[in-house]
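The structure under discussion appears below in the form of structure tokens.
The values are calculated or read from the model by the stated rules, or taken from the named source; none is laboratory data. Note that the structure is predicted; figures quoted are calculated from it, not measured. Cβ atoms come from the backbone with ideal geometry, glycine included; neighbour counts cover every protein chain shown. The area values use the complete protein model at the heavy-atom level, side chains included, leaving out ligands, DNA and RNA. Shrake-Rupley method; radii C 1.70, N 1.55, O 1.52, S 1.80 Å.
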Amino acid sequence: MTPDATPADSATRRARTVTNVLQPRNLILAAAPGIGLATAGDWTGIPWGLLAALCAGLIPAGYIQWRVKRGVWGDRHVADRTQRGPIFLVILGSIGTGAALMLLGGAPTGILATMLALWVMTVGLLAVNTVWKISVDAAVASGVVALLAAAHSPWWLVAYALVAAVCWSRVVLTYHTVAQTLAGTALGATTAAAFLFV
């Protein structure tokens, strides 16, 4: 810490790093190929996982970045919940398209269920967002960890420590309240739990 830095400055820097590294796009990119592999039982699941990563992670993130570059939003966080509607619609369309391609292509049931869980989670986020700001970052982090636990091993639940870090970072950066991050965490876990019944 530099002589002029305060503990609050240090916490803000750490929170910024956590929220950037563990943002939804990165978590989905890291987890989806592994979920595809686990649900297929062999390497053929990896391309399906990559399709999931494209539709649920890269396309939504690319849309947000495009809007930021055009000056519509200040950054990827889109702090004003009233501006978030178009994001959710793009995510729903992208995930829905990916799920349709999986269905037509005979993808493993598990990776298709993952896409449907993410789609349902997005519907929930959109519904809540109409009246109250909820943490998308917390919801995605929680959903990804729950899906990894269901697809691979319950030991993945220890990664909820990362979900807690995401929630902490969102609160420190004042993007969300504790209640908003807890609501996002609960929504992510609940919608991912549907995977268990596939």
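Structure notes:
- Surface share of carbon and sulfur [accessible, 1.4 angstrom probe, percent] for the chain: 70 percent
- Taking the C-alpha atoms only, the angle from helix 178-192 to the longest principal axis of the chain is near 10 degrees.
- Expressed as a fraction of 2.2 N^0.38 Å, the value expected for a compact globular protein of N residues, the C-alpha radius of gyration of the stretch 1-98 is 1.37.
- The stretch 81-108 and the stretch 144-198 have their alpha-carbon centroids 20 Å apart.
- Rel. contact order, % - alpha carbon contacts under 8 angstrom, at least six apart, the chain: 25 percent
- Shape call, the stretch 85-198: gyration tensor on alpha carbons, a/c limit 1.5: oblate
- Each of the peptides 43-54, 135-146 was scored by the mean count of other Cβ atoms within 10 Å over its residues; in descending order, highest first, they stand as 135-146, 43-54.
- Of every Cα-Cα pair in the chain, the percent that sits beyond 29 Å: 22 percent
- Surface per residue (accessible, 1.4 Å probe) for the chain, Å²: 48 Å²
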